[in-house]
């Protein structure tokens, strides 16, 4: 009798394991928003120029994409992940200026005359797109560089995709209300 009970329990467990649809299908996984972990803020000297302004690295790491966060206020001294305020203007009155640079000798002459940034909110609704002209500055060392004002429309975790010429990269950041 014990063998029959054990067999019946196993049949019920196997039957229940197949019900409920708890596993995601490949289509569901593809449709789900990608997880967002804003880029780690670095406070070491920037790879070119030696500034101590906070900066982040983009993905993939080999892209050389970096962002100098010129808007970063002193009150965020303990913030460790990339963030920006919505609307493009900090409460202190200055613009949310970001210098995008594709560092590395391999990136010279690969950038185009403009940078296209396309953003999508991974934790809510919303998209954003803007273009910015290439710039030159002392200490650039030939790295394709673009000054921008990041003006995201709503709070949330945003993935920015940046493209210029043959160069591509992404950066995740948290947009917060001013």
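Numerical summary
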{"quantity": "Ranked by how many other beta carbons lie within 10 Å on average, peptides 129-135, 116-122 from highest", "calculated": "116-122, 129-135"}
{"quantity": "Proxy reagent accessibility, fewest Cβ within 10 Å first, across 166, 78, 172", "calculated": "78, 166, 172"}
{"quantity": "Whether the range 55-176 is rounded, prolate or oblate, judged on the alpha carbon gyration tensor where a/c under 1.5 counts as rounded", "calculated": "prolate"}
{"quantity": "Principal axis box of the range 112-178, alpha-carbon based, largest edge first, Å", "calculated": "38, 25, 15"}
{"quantity": "Under 14 Å from the residue 133 label point (7 Å along Cα→beta-carbon), backbone N, the range 76-111", "calculated": "none"}
{"quantity": "Residue 52/residue 97 FRET efficiency (R0 25 Å; Cβ-Cβ; nearest 0.05)", "calculated": "0.95"}
{"quantity": "Residue exposure sequence - 149, 101 - by fewest surrounding Cβ within 10 Å", "calculated": "149, 101"}
{"quantity": "Rounded Å value of the spacing that divides the Cα centres of the range 115-178 and the range 49-78", "calculated": "12 Å"}
{"quantity": "Separation in nanometres of the label points that stand 7 Å from Cα toward Cβ, at residue 90 and residue 106", "calculated": "3.4 nm"}
{"quantity": "Cβ-Cβ FRET estimate between residue 149 and residue 36, R0 fixed at 25 Å, reported to 0.05", "calculated": "0.70"}
{"quantity": "Estimated FRET transfer efficiency (residue 141, residue 118; beta-carbon r; R0 35 Å; 0.05)", "calculated": "0.80"}
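Laboratory data are not the source of any read-out in this text; all were calculated from the coordinates shown. Please read these numbers as outputs of a predicted model, since none were measured by experiment. Cβ atoms come from the backbone with ideal geometry, glycine included; neighbour counts cover every protein chain shown.
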